[in-house]
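Data block below; observations after.
Values quoted throughout were computed directly from the atomic coordinates according to the rules given, and no laboratory measurement underlies them. Note that the coordinates shown come from a computational prediction; the quantities given were computed from them, not determined experimentally. Here the Cβ is made from the backbone with ideal geometry for all residues, glycine too, and neighbour counts use every protein chain on show.
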Amino acid sequence: MGIWANGPTAAALLEELGLALYALTTDLRGVRLREVREVRVSADDGPGLVVAFLGRLLLLEADDGFVGRSIRARVTGDPPRAVVARVRGERFDPARHAARTEVKAITLHRLVFDPRRGRARVIVDI
């Protein structure tokens, strides 16, 4: 399964990819903006940064049951090498949130992260 994003900056692409990832797992319209989590990751290159960032978002969900609905990212480096993001959302509540697809891992397979052209694509393991 894949997720795609379009955006004018590396930060915008990461924000959109993160929200697309969470949208695979539940309907984001029911997620309230109750809590804030900070995510910090770095990598040697853009694709590695994407995998590290989305992997950390998966860990928030797997370890804490946290689902994000809003992401604001700040990227450093050219090309991008680090990101700090504020993720707003709440813990998954099966009484209110529909369970969709369980994402097991983020892959490098056919990953595209091209901030200059404003596009990204990530294949996830389900």
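Here's the picture: charge each Lys and Arg Cβ at +1 and each Asp and Glu Cβ at -1 in the chain, and of ALA85, HIS97, THR9 the one pushed furthest to the positive end of that dipole is THR9.
Is the C-alpha gyration tensor of the chain telling us rounded, prolate or oblate? Criteria: a/c under 1.5 is rounded; beyond that, a/b larger than b/c is prolate, otherwise oblate.
Values: a/c = 1.87, a/b = 1.52, b/c = 1.23.
Prolate is the answer for the chain, as a/c is 1.5 or above and a/b outweighs b/c.
Work out, step by step, the length gained on full extension between ARG116 and ALA82: first 0.36 nm times the residue separation, then minus their alpha carbon distance; give nm to one decimal.
10.6 nm is the gain from fully extending ARG116 to ALA82.
Each Lys and Arg contributes +1 and each Asp and Glu -1, all at the Cβ; summed about the Cα centre of the chain, the dipole is approximately 360 debye. For the residues LEU54, LEU14, LEU108, a GNM of the chain with alpha-carbon springs under 10 Å puts the largest fluctuation on LEU108.
Compared with the dominant Cα axis of the chain, that is its longest principal axis, helix 10-25 is turned about 30°.
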